[in-house]
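Below: one structure, written as structure tokens.
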Amino acid sequence: MYLHIGSNLSVPTDDIVGIFDIDNATTAKSTREYLKAAEDEGMVTAAGGDLPKSLVVCCPRGSWQRVYISPLAPATLLGRLESKRIC
């Protein structure tokens, strides 16, 4: 299954490690350092040009970790995940 995270971008649900509120997550220095390192390595992708609301961390099998910055709220993304698992 895939999760639509904004614009025309979807990620495989099996690859998702976590979905985080961007405001809460970026208050920690270690998270800011992680995001900076991920950006420097080219692992960050913006899923739309709107105000970012969540971080979706993915780790595809056999590939490098990816961080997606989504304009959708974490609650919206989690709701979509839960509705897919019920079906």
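The values are calculated or read from the model by the stated rules, or taken from the named source; none is laboratory data. Only a predicted model underlies this, so the values are computations on that prediction, with no experimental measurement involved. Note that we place each Cβ from the backbone using ideal geometry, even for glycine, and neighbour counts take in every protein chain shown. Ligands, DNA and RNA are excluded from the accessible area calculation, which covers all protein heavy atoms including side chains. Shrake-Rupley method; radii C 1.70, N 1.55, O 1.52, S 1.80 Å.
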Can you name the residue in the stretch 13-47 that is open to solvent by 70 Å² or more (accessible area, probe 1.4 Å) and of a type in the set (Asp, Glu) and is also nearest to Ser83 (Cα to Cα) among such residues?
Asp14
Under 8 Å between Cβ atoms, which residue pairs at least 6 apart in sequence (or on different chains) link something in the stretch 58-87 that is at pLDDT below 90 with a partner that is assigned to a helix (DSSP H, G or I)?
Arg61/Asp15; Lys84/Thr13
Looking at the stretch 1-16, which of its residues are within 16 Å of Ala46 (Cα to Cα) and of a type in the set (S, T, N, Q)?
Ser7, Asn8, Ser10
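Where residues in the stretch 1-12 are aliphatic (A, V, I, L, M) and open to solvent by 40 Å² or more (accessible area, probe 1.4 Å), which of them is nearest to Arg80 (Cα to Cα)?
Start the filter on the stretch 1-12 by keeping residues that are aliphatic (A, V, I, L, M), which leaves 1, 3, 5, 9, 11.
Still in the running and open to solvent by 40 Å² or more (accessible area, probe 1.4 Å): 1, 9.
Numbers: Met1: 11, Leu9: 14 Å.
Checked the stretch 1-12; the qualifying residue nearest to Arg80 (Cα to Cα) is Met1.
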